[in-house]
Amino acid sequence: MQALKPATKPSKQRKRLYQAPDHIRYKLMAAPLSPELKASHGVRSLPVRSGDTVRVMRGDHKGFEGKITRVDRKNYRIYVEGLTREKVDGTTIFASIHPSKVMITKLNLDDKWRKKVLERKRSERLKREKIVEKTPKKVLEVKEEVAEEKLVEEKPKRRKKAPVKKPRAKKAKKETEKEKEKKPKKRKRTTKKRTTRKTKSKGGT
């Protein structure tokens with residue numbers, strides 16, 4: 001399922017992002033799992049929750065690791081324990097990070113519904129992998145069967161007979177000089193030049 005509808009205008013993209021319903025915001029707050037968690041659970045990414053341990057992969061705080069204290073779905077940001085920054089007046093506040101910039105190193109599995117989501121995702125992925133593995137073999141078997149059927153159906157082709165040459169039509173004899181003399185000569189038509197008469201105008205000119 002696609003989280004957001006495709007749009008070409010940046011204004012429409014922002015509008016759809018910040019007017020998205022809660023179930024779509026939940027999907028957009030996903031972060032990738034560490035290689036160890038991927039191998040154990042068989043899932044590539046999962047929406048972040050408070051209590052998950054994450055590692056910052058990009059930005060000024062790259063390499064920082066800590067627990068998520070708060071998830072802000074309204075602004076698409078998360079807050080990590082111990083990750084702070086100083087304001088201009090000197091006060092320290094928690095620094096917000098986008099979930100795409102972190103990697104989950106430890107999952108909070110206190111919620112039974114989250115465990116069910118992990119199991120469902122894993123089973124779906126295994127099904128997809130099985131389908132991908134099976135399809136090439138089936139295609140090859142079908143191709144072999146079709147080739148065998150064609151060989152059975154095909155009959156030995158008969159040799160084509162050589163085309164029979166038709167006798168050429170006899171050329172008309174050339175007219176002799178005597179025959180040409182006997183024939184009456186055709187008169188040439190002469191075209192007389194038309195003479196145009198000048199008409200005098202009434203004025204006498």
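The values are calculated or read from the model by the stated rules, or taken from the named source; none is laboratory data. None of these values were measured; they are calculated from a predicted model. All Cβ positions, even for glycine, are placed from backbone atoms using ideal geometry, and neighbour counts span all protein chains on display.
What is the number of the single condition among (1) farther than 13 Å from L107 by Cα; (2) more than 33 Å from the chain's Cα centre (by Cα); (3) not basic (K, R) that V56 does not meet? Looking at each condition in turn, V56 falls short on (2).
With respect to the stated conditions, P6 is part of a loop (DSSP other than H, G, I, E, B) and either free of Cβ contacts under 8 Å to residues at least 24 places away in the same chain or closer than 22 Å to D110 by Cβ (or both). Of the set (1) under 17 Å from L37 (Cβ atoms); (2) more than 39 Å from the chain's Cα centre (by Cα); (3) surrounded by 13 or more Cβ atoms within 10 Å (Cβ to Cβ), all apply to L83 but (1).
Does E133 count as in a helix (DSSP H, G or I), modelled with pLDDT of 70 or more and among the acidic types (D, E)? In short, no.
Of R44, R58, R70, all but one fail to be exposed (fewer than 15 other Cβ atoms within 10 Å of the Cβ) and within 30 Å of L126 (Cβ to Cβ); the exception is R44. Only a single criterion out of (1) outside any loop (DSSP other than H, G, I, E, B); (2) over 30 Å from R128 (Cβ atoms); (3) hydrophobic (A, V, I, L, M, F, W, C) is not satisfied by V88, namely (1). When A95 is tested against (1) touching a Leu at 6+ places or on another chain (Cβ under 6 Å); (2) assigned to a loop (DSSP other than H, G, I, E, B); (3) among the small types (G, A, S), exactly one condition is not met: (2).
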